[in-house]
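Participant: Take this structure first; my questions come after.
The values are calculated or read from the model by the stated rules, or taken from the named source; none is laboratory data. Everything numeric here is computed off the predicted structure, so don't read it as measured data. Here the Cβ positions follow ideal geometry from the backbone for every residue, glycine too, while neighbour counts run over all protein chains shown. We work out accessible area using only protein heavy atoms, side chains counted, and drop any ligands, DNA or RNA first. Shrake-Rupley method; radii C 1.70, N 1.55, O 1.52, S 1.80 Å.
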Amino acid sequence: MPIKRMTAPAPDATDYAAPVFEEETADDAVAPSGVAQLHGGWDVAEKVAAASGSGQWSQDIKFDGEEPLLLAFLQGAPVDAFFQHWIHREGRKSFRCPGDGCPLCALGDSRSARFVFHVMEVGATGEEAKIWTSGKRVMEQLRAIDADPRKGGPLEEGFFAVSRSGKQQSTVYSIQRVSDLSKWGLPEKEALAAVAEARKTDAPSLSEPSMELLEEVAAEIRRA
């Protein structure tokens, strides 16, 4: 259900600067352990986060510059949590770890914990359900919000302005509850109806790499 935007423009990113930023850094990388995580929920997210120490989805949310996106969480917890290998090569670079028997783990390649949220970009052109794949720190920030009404939770009952700044290891996210949609030029009734419609859809399916592909990538590393 598309939302008709009113005349008011979206606020500047600075209007929704959270007091605490969460940074994604290289210490999310973990040593291979042969454990595959294939399910969602906060409990599974906790297990993956604990194992992480300090995949290709369709319709992934894209943050362009520092302008905030208005997101609604279609489910209040991660729909998936897994480990990902990142290989510096031509073509596809990220590969979901299958766990036991992973050729990349066998080479000693480190993995990072990834957490998947089912979201909707409210008021966007071609509005539809999408996913947001985050690292450990953002997942922990979202869980803290979900558990505390003073921080804007629960996630599934509100709208959130999310912006990103920085690049690679210096990337930081601001996540802030939005209480007045009129500042975004959006009528609340229509926005709520659009979110309710999006909740009827399933999260997109994850494309898992075949063992043959992982063997090929491992062979590339051995030849390098």
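Participant: Mind listing whichever residues of region 158-187 are assigned to a helix (DSSP H, G or I) and touching a Phe, Trp or Tyr at 6+ places or on another chain (Cβ under 9 Å)?
Facilitator: Kept after step one, since they are assigned to a helix (DSSP H, G or I), are these residues of region 158-187: 168-170, 181-184.
Result: Leu181, Trp184.
Participant: Confirm whether Ala218 is modelled with pLDDT of 95 or more and closer than 30 Å to Lys93 by Cβ. Give the steps one after another, and end with the answer.
Facilitator: Numbers: modelled with pLDDT of 95 or more: yes; closer than 30 Å to Lys93 by Cβ: yes.
When the stated conditions are applied, Ala218 passes them.
Participant: Ok, one more. For region 170-182, name all the residues that are open to solvent by 20 Å² or more (accessible area, probe 1.4 Å) and within 16 Å of the chain's Cα centre (by Cα).
Facilitator: So in region 170-182, the residues open to solvent by 20 Å² or more (accessible area, probe 1.4 Å) come out as 170, 172-173, 176-177, 179-180, 182.
Across region 170-182, the qualifying residues are Val172, Tyr173, Gln176.
Participant: Can you name the number of the only condition in (1) under 16 Å from Leu74 (Cβ atoms); (2) surrounded by 15 or more Cβ atoms within 10 Å (Cβ to Cβ) that Ser165 fails?
Facilitator: (1)
Participant: Moving to a separate point now. Among the residues of region 189-211, write down those that are surrounded by 12 or more Cβ atoms within 10 Å (Cβ to Cβ) and not aliphatic (A, V, I, L, M).
Facilitator: Passing the criteria: Glu190, Glu197, Arg199, Thr201, Pro204, Glu208, Pro209.
Participant: Given the criterion closer than 13 Å to Phe117 by Cβ and open to solvent by less than 40 Å² (accessible area, probe 1.4 Å), identify the matching residue among Gly185, Gly152, Gly135, Gly158. Spell out how you get there, then give the answer.
Facilitator: Numbers: Gly185 fails: closer than 13 Å to Phe117 by Cβ; Gly152 fails: closer than 13 Å to Phe117 by Cβ; Gly158 fails: closer than 13 Å to Phe117 by Cβ.
Unique residue meeting the criteria: Gly135.
Participant: Any chance you could count how many residues in region 114-151 are modelled with pLDDT under 95 and assigned to a loop (DSSP other than H, G, I, E, B)?
Facilitator: 8
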